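Have a look at the structure below before the remarks.
What follows is calculated from the coordinates using simple rules that are stated; it is not laboratory data. What you see is a predicted model, and the numbers here were worked out from it, not measured in a lab. Heads up, the Cβs are rebuilt from the backbone with ideal geometry, glycines too, and the neighbour counts pull from every protein chain shown.
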Amino acid sequence: MSIPIEKRRTVPAVLAAVAALAAVLWQATAQSVEVAVTIAPPQLDEPAGARQQATALFAGGCYWGVQGVFQHVRGVRNAVSGYAGGAAATAHYEMVSSGSTGHAEAVQIVYDPRQVSYGQLLQVFFSVAHNPTELNRQGPDSGPQYRSAIFPVDAAQRTIAEKYIAQLNAAHAFARPLATRVEAASGFYPAEAYHQNYLTLHPDDGYIVANDLPKIDYLKKLLPALYRANPVLVGHSG
């Protein structure tokens, strides 16, 4: 998600950094084209309108893009970038980025089940928000903190997620089997403020342009009934 910056401002170092950036952006652009896949909705889903509010927790690589996608999904009331799968004491970006804390960059989604179901959120997660066949990486980002994972908040969500993974694998919906893990929801820790709403606030960032803005277009094209033009942002109502 980020590129180390050489502190010594020598000409060779600057040129090397520019070359590395170009390579990363090229790789990211090439891989982002393969993100969106048209898939069937889950055969098993939660009852429509059973609750007025519910929570879902997904990890799919860099949380900038995953958050940005779900902020554009109808029925989502809030989508917060953060860390799941590890302890509170190490839930800090610099530590999580080492890949040694057990966390995954994740997004906690609060949604209205009367407008969008858990199964529909999973459909967005698998088809648009990330590539679920990549193991411990997404595009140019690699490490267990970028793994594909679902953290069900109850037994019903676990069943729906597990059966949907089995359904997609049985249908060969993707070229490779899904690498997505269904993990215990042991806690969620919001990320630092500068990571929130990153896609909306930094639409010209090279990483966002190459990897994440295409996902918003895919959502609009592949799942238009779930698309909302105005994102619901952290710290705002909507």
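Where does segment 116-238 land on the Kirkwood hydrodynamic radius, alpha-carbon pairs, in angstrom?
Working: mean 1/r = 0.0620 Å⁻¹.
Averaging 1/r across every pair of different Cα atoms and inverting gives 16.1 Å.
How much net charge surrounds V209 when only the other residues with a Cβ under 14 Å from the Cβ of V209 are counted, with Lys and Arg +1 and Asp and Glu -1?
On the way: positive: K215; negative: D204, D205, D212, D217.
Spelling it out: positives minus negatives among the neighbours equals -3.
Just to check I understand the Karplus step: with θ = phi - 60° and J = 6.51 cos²θ - 1.76 cosθ + 1.60, what whole-Hz values come out for segment 81-86, glycine and proline as x?
6, x, 10, 9, x, x
At 7 Å along the Cα-to-beta-carbon direction for both A48 and H172, put a label point, then send me their distance in nm to one decimal.
Reported label-point gap for A48 and H172 is 3.3 nm.
Would you tally the net charge around M95, using a Cβ to Cβ cut-off of less than 15 Å, leaving M95 out, and scoring K and R as +1, D and E as -1? Write out the running numbers ahead of the final one.
Details: positive: none; negative: E94, E105, E192.
Every neighbour counted, the sum reads -3.
Name the long-range amide H neighbours of Y83: under 5 Å, sequence gap of 5 or more, or other chain; modelled H, no Pro or chain starts.
Under 5 Å from the amide H of Y83 lie the amide H atoms of A106, Y189, A191, each far enough along the sequence or on another chain.
Quick one: what are the phi-derived ³J(HN,Hα) couplings along segment 195-200, Karplus 6.51/-1.76/1.60 with θ = phi - 60°, whole Hz, x for glycine and proline?
8, 7, 6, 4, 4, 5
Any idea what log10 I(q)/I(0) is at q = 0.10, 0.12, 0.15, 0.21 Å⁻¹ for segment 43-182, Debye with uniform C-alpha scatterers and no solvent?
Debye curve over Cα of segment 43-182, log10 I(q)/I(0) at q = 0.10, 0.12, 0.15, 0.21 Å⁻¹: -0.31, -0.44, -0.70, -1.31.
Is the shape of segment 81-140 rounded, prolate or oblate, going by the alpha carbon gyration tensor and its root eigenvalues a ≥ b ≥ c, with a/c under 1.5 for rounded and a/b larger than b/c for prolate? Don't jump to the answer; show the numbers that get you there.
Values: a/c = 3.29, a/b = 1.55, b/c = 2.13.
In terms of gyration-tensor shape, oblate.
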